[in-house]
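Below: one structure, written as structure tokens.
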Amino acid sequence: MRPLDETETTVVFEKLYKFVGNNLKNIVENPSNEGPDAEAGRYCFRLQKNRVYYVSESLVKRATNISRKNLVSLGTCIGKYTHAGSFHLNIMSLNLLAANAKHKVWLKPTAEMSFLYGNHVLKGGLGRITDSIVPGDGVVVFSMSDVPLGFGIAAKSTQDCRKLDPNGIVVLHQADIGEYLRDEDEL
């Protein structure tokens, strides 16, 4: 497990910034109360086998006793690098994104199952939407009871959603909590 280099850090932060905006500062400076130390530490990003982990520094220090070959996971896996070098967020980053989300969408109860099966969010299933969303923004999808369900990319702006037909796509699906069951072996 090693720290991210300059280009890797830039790619990860750009992807996170798409979803959390200026709240990226809260993620980076989040104090950690894990470990035996009396004073709070910090969280950091580490790379292990093309996967990026969000982990407390005290846990990283304690993990140095484990060889890289035997280390399976440490902290929260927020995404992975593909063979082409692009970075993809995975569903395990949802708690981090939901707590710091800049743009949010709430689904009606009738549309939740469709989204959890991997389908895009349609205008007919939209309960609420935050203002000032533009196409291409990262959006966190919630149920009407504020339970985070997943995330995706906005296909339409907030103003365009108001005059869209009920079968129009509002959010392009990227990840949802149903992946814990569908992709159990890969996570």
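Numbers at a glance
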quantity	calculated
Single residue of the stretch 71-85 satisfying the filter (open to solvent by 50 Å² or more (accessible area, probe 1.4 Å) and touching a Phe, Trp or Tyr at 6+ places or on another chain (Cβ under 8 Å)) that is farthest from Thr9 (Cα to Cα)	Ser73
Condition met for Arg68 (touching a Pro at 6+ places or on another chain (Cβ under 7 Å), open to solvent by 60 Å² or more (accessible area, probe 1.4 Å) and either without any contact (Cβ under 8 Å) to a residue 24 or more places away in the chain or at negative phi (or both))	no
Entirely in the stretch 91-187, the strands (runs of 3 or more DSSP E) that have 1 or more residues that are surrounded by fewer than 21 Cβ atoms within 10 Å (Cβ to Cβ), touching a residue at least 40 places away in the same chain (Cβ under 8 Å) and among the polar types (S, T, N, Q)	169-176
Breaking point among (1) more than 17 Å from the chain's Cα centre (by Cα); (2) of a type outside the set (Val, Ile, Thr); (3) surrounded by fewer than 16 Cβ atoms within 10 Å (Cβ to Cβ), for Ser56	(3)
Test for Thr7: is it in contact with a Gly (Cβ under 8 Å, 6 or more places away or on another chain), open to solvent by 20 Å² or more (accessible area, probe 1.4 Å) and of a type in the set (S, T, N, Q)	no
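The values are calculated or read from the model by the stated rules, or taken from the named source; none is laboratory data. All figures in this text were calculated on a predicted structure; none of them were measured in a lab. So basically every Cβ, Gly included, is an ideal-geometry build from the backbone, and we count neighbours across all protein chains shown. Heavy atoms of the whole protein, side chains included, go into the accessibility calculation; ligands, DNA and RNA do not. Shrake-Rupley method; radii C 1.70, N 1.55, O 1.52, S 1.80 Å.
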